[in-house]
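The values are calculated or read from the model by the stated rules, or taken from the named source; none is laboratory data. Every value quoted in this text rests on a predicted model; they were computed, and no experiment measured them. FYI the Cβ positions are ideal-geometry reconstructions off the backbone, even for glycines, and counts take in every protein chain you see. Just the protein is used for accessible areas: all its heavy atoms, side chains included, with ligands, DNA and RNA removed. Shrake-Rupley method; radii C 1.70, N 1.55, O 1.52, S 1.80 Å.
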Amino acid sequence: MAHFLTRVVALCASSLRILLLLSFVFIRICQYACSRVLRTNRRKSVSGETVLITGASRGIGRCLALEFAKHGVSTIVLWGRDEEKLSSVKMEVEETGKARCHSYRCDVGDREQVYRTIQKVQEDVGRITILVNNAGVVHGGALLATDDDKIEDTLRVNTLSHFWTTKSVLPSMLANGRGHVVGIASTLGLFALPGVPDYVTSKFSVVGFYESLAAELRAQDRWDVGVTCVCPGHTTTDMFKDLTTRPLSLTPQQVAEQTVEAVKNNQPRVILPRVMHLTWVLNSWLPSSWMRTVLYVTGAMEDMENFCAKR
Ligand SMILES: NC(=O)C1=CN([C@@H]2O[C@H](COP(=O)(O)OP(=O)(O)OC[C@H]3O[C@@H](n4cnc5c(N)ncnc54)[C@H](OP(=O)(O)O)[C@@H]3O)[C@@H](O)[C@H]2O)C=CC1
Ligand SMILES: CC1=C(/C=C/C(C)=C/C=C/C(C)=C/C=O)C(C)(C)CCC1
């Protein structure tokens, strides 16, 4: 009898959650439709801004630099470790004839280097008005098979760097009443796949960082500094090149376009592709076995295991 009652209560709880979820989706759709019809989302221009992009020597960072140039920013500052690749991206930006471009070698995993390089940038170029924290690494490997040094490296580059760069540029943004901080997180900051525990942890932390940054600014009634956290799914760059490409995989160009669009719309969170919103909902609202089934059935679980096996 007790077992039967427990099952009934569990079923009622699940149904209630699904009902709440459907109402939430309905409200969100209405809210979106209203904002499109009434155009309440005020768009801002990025023209004349000075953008700093970390991890700009290739992949998403490179596309971001070219995309921001297309949208009329006046100056782009590129950071990375590979100076040859940085120079080549700098040339590509300059060839567009749309923005000035500077590049600096900086290992964002090294706090003192970040502080020194920011200071140099501010002396050479002036104040940064849009910061894009994009640099990232993945080592790959199950928890017990991953070296401690690699775990620390992932957290330093993927997460802690956002603290150091943001602490460096936020004071001037606040003093001037204008700015935007963007973080490139991941859908792996919303749900986990096996085999990359340090990467997943770093990305969940990045999502938390932007939530708390926005909360802190809004609590002080500061709406003049925008905060955007971008969570892309698998993107066809060097980073996850050993992962099976699927129809839902993104190109770095798509991620860059949606990121600039989100800055212009002052959007706090972007999940790409849009259908990935469902995974966030699944993961946070429904029993964990549902998400595991989706990951299993779609082959996502196996893809990541194969990716790790190639490392
Ligand atoms: N590819 C994907 O499937 C997805 C990627 N992302 C995220 O997008 C961001 C960009 O990734 P993506 O373009 O795909 O990756 P790439 O590997 O193509 O590029 C990574 C960039 O980060 C830079 N970087 C790495 N380590 C450091 C470091 N210690 N200091 C400074 N720069 C560093 C690299 O520059 P250099 O080698 O010159 O130092 C490079 O420019 C990352 O944060 C990643 O986690 C999110 C979702 C999906
Ligand atoms: C969950 C899920 C999928 C796979 C997602 C994957 C494989 C994401 C990988 C993300 C990466 C590599 C992020 C890096 O930061 C599919 C198959 C699209 C179908 C819908 C549900």
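Evaluate segment 236-243: report whether one residue or more is in contact with an Asp or Glu (Cβ under 6 Å, 6 or more places away or on another chain), near ligand 1 (Cβ under 10 Å from one of its atoms) and not hydroxyl-bearing (Ser, Thr, Tyr).
Looking only at segment 236-243, we keep the residues that are in contact with an Asp or Glu (Cβ under 6 Å, 6 or more places away or on another chain), and these are 243.
Next, only the ones that are near ligand 1 (Cβ under 10 Å from one of its atoms) stay: 243.
Those left that are additionally not hydroxyl-bearing (Ser, Thr, Tyr): 243.
Checking segment 236-243: at least one residue is in contact with an Asp or Glu (Cβ under 6 Å, 6 or more places away or on another chain), near ligand 1 (Cβ under 10 Å from one of its atoms) and not hydroxyl-bearing (Ser, Thr, Tyr).
When segment 140-167 is examined, which residues are found to be in contact with an Asp or Glu (Cβ under 7 Å, 6 or more places away or on another chain) and assigned to a loop (DSSP other than H, G, I, E, B)?
Of everything in segment 140-167, just one residue is in contact with an Asp or Glu (Cβ under 7 Å, 6 or more places away or on another chain) and assigned to a loop (DSSP other than H, G, I, E, B), namely Thr146.
For Val200, state whether it is open to solvent by less than 10 Å² (accessible area, probe 1.4 Å) and of a type in the set (A, V, I, L, M). Working first, answer last.
Working: open to solvent by less than 10 Å² (accessible area, probe 1.4 Å): no; of a type in the set (A, V, I, L, M): yes.
Judged against the criteria, Val200 is not a match.
Looking for something within 30 Å of Asp242 (Cα to Cα), open to solvent by less than 80 Å² (accessible area, probe 1.4 Å), aliphatic (A, V, I, L, M) and more than 10 Å from ligand 1 (Cβ to nearest atom) - is there at least one such residue anywhere in segment 156-166?
There is at least one residue in segment 156-166 that is within 30 Å of Asp242 (Cα to Cα), open to solvent by less than 80 Å² (accessible area, probe 1.4 Å), aliphatic (A, V, I, L, M) and more than 10 Å from ligand 1 (Cβ to nearest atom).
When you go through (1) within 15 Å of the chain's Cα centre (by Cα); (2) within 15 Å of ligand 2 (Cβ to nearest atom); (3) in contact (Cβ under 8 Å) with a residue 60 or more places away in the chain one by one for Gly183, which number turns out not to apply?
Here Gly183 meets the rest and fails (3).
Name the residue, out of Asn306, Asn283, Asn266, that is at positive phi and either of a type in the set (Phe, Trp, Tyr) or open to solvent by 30 Å² or more (accessible area, probe 1.4 Å) (or both). Don't jump to the end; show me each part of the working.
Numbers: Asn306 fails: at positive phi; Asn283 fails: at positive phi.
Matching residue, one of Asn306, Asn283, Asn266: Asn266.
If you scan segment 80-118, which residues turn out to be of a type in the set (Asp, Glu) and not in a helix (DSSP H, G or I)? Lay out the reasoning, then the answer.
We begin by selecting, within segment 80-118, every residue of a type in the set (Asp, Glu); these are 82-84, 92, 94-95, 107, 110, 112.
Asp82, Asp107, Asp110, listed by residue number.
Mind telling me which of the residues Gly109, Gly140, Gly177, Gly126 ends up being at pLDDT below 95 and either open to solvent by less than 70 Å² (accessible area, probe 1.4 Å) or within 16 Å of ligand 2 (Cβ to nearest atom) (or both)? Full working, then the answer.
Details: Gly109 fails: at pLDDT below 95; Gly177 fails: at pLDDT below 95; Gly126 fails: at pLDDT below 95.
Being at pLDDT below 95 and either open to solvent by less than 70 Å² (accessible area, probe 1.4 Å) or within 16 Å of ligand 2 (Cβ to nearest atom) (or both) holds for just one of Gly109, Gly140, Gly177, Gly126, which is Gly140.
Quick one: how many residues across segment 116-140 are among the hydroxyl-bearing types (Ser, Thr, Tyr) and away from ligand 1 (no atom under 14 Å from the Cβ)? Step through it out loud before you land on a result.
Kept after step one, since they are among the hydroxyl-bearing types (Ser, Thr, Tyr), are these residues of segment 116-140: 117, 129.
If we keep only those that are away from ligand 1 (no atom under 14 Å from the Cβ) too, we end up with 129.
The qualifying residues number 1.
Please tell me if Glu216 is part of a helix (DSSP H, G or I), among the acidic types (Asp, Glu), more than 22 Å from Val260 (Cα to Cα) and open to solvent by 10 Å² or more (accessible area, probe 1.4 Å).
Spelling it out, Glu216 is indeed part of a helix (DSSP H, G or I), among the acidic types (Asp, Glu), more than 22 Å from Val260 (Cα to Cα) and open to solvent by 10 Å² or more (accessible area, probe 1.4 Å).
Results for (1) open to solvent by 20 Å² or more (accessible area, probe 1.4 Å); (2) more than 10 Å from ligand 2 (Cβ to nearest atom); (3) not in a loop (DSSP other than H, G, I, E, B), shown as yes or no for each residue.
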| residue | (1), (2), (3) |
| --- | --- |
| Val230 | no, yes, yes |
| Asp238 | yes, yes, no |
| Thr293 | yes, yes, yes |
| Arg311 | yes, yes, no |
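Please tell me if Gly183 is touching a helix residue (DSSP H, G or I) at 6+ places or on another chain (Cβ under 7 Å), part of a loop (DSSP other than H, G, I, E, B) and surrounded by 18 or more Cβ atoms within 10 Å (Cβ to Cβ). Give the derivation first.
Numbers: touching a helix residue (DSSP H, G or I) at 6+ places or on another chain (Cβ under 7 Å): yes; part of a loop (DSSP other than H, G, I, E, B): no; surrounded by 18 or more Cβ atoms within 10 Å (Cβ to Cβ): yes.
Considered against the rule, which asks whether it is touching a helix residue (DSSP H, G or I) at 6+ places or on another chain (Cβ under 7 Å), part of a loop (DSSP other than H, G, I, E, B) and surrounded by 18 or more Cβ atoms within 10 Å (Cβ to Cβ), Gly183 comes out as no.
Would you say Met276 is in contact with a helix residue (DSSP H, G or I) (Cβ under 6 Å, 6 or more places away or on another chain) and within 28 Å of Leu143 (Cβ to Cβ)? Walk me through it before giving the result.
Values: in contact with a helix residue (DSSP H, G or I) (Cβ under 6 Å, 6 or more places away or on another chain): yes; within 28 Å of Leu143 (Cβ to Cβ): yes.
Criteria met by Met276.
Kindly evaluate Pro247 against the criterion of being over 16 Å from Val138 (Cα atoms), open to solvent by less than 30 Å² (accessible area, probe 1.4 Å) and either of a type in the set (S, T, N, Q) or free of Cβ contacts under 8 Å to residues at least 60 places away in the same chain (or both). Full working, then the answer.
On the way: over 16 Å from Val138 (Cα atoms): yes; open to solvent by less than 30 Å² (accessible area, probe 1.4 Å): no; either of a type in the set (S, T, N, Q) or free of Cβ contacts under 8 Å to residues at least 60 places away in the same chain (or both): yes.
Judged against the criteria, Pro247 is not a match.
Go through segment 102-133 and give me each residue that's touching a residue at least 24 places away in the same chain (Cβ under 8 Å) and basic (Lys, Arg).
Arg105, Arg111, Arg127
Identify, from the list Val51, Val77, Val46, Val9, the residue that is in contact with a His (Cβ under 8 Å, 6 or more places away or on another chain) and not in a loop (DSSP other than H, G, I, E, B).
Numbers: Val51 fails: in contact with a His (Cβ under 8 Å, 6 or more places away or on another chain); Val46 fails: not in a loop (DSSP other than H, G, I, E, B); Val9 fails: in contact with a His (Cβ under 8 Å, 6 or more places away or on another chain).
Only one candidate passes the filter, namely Val77.
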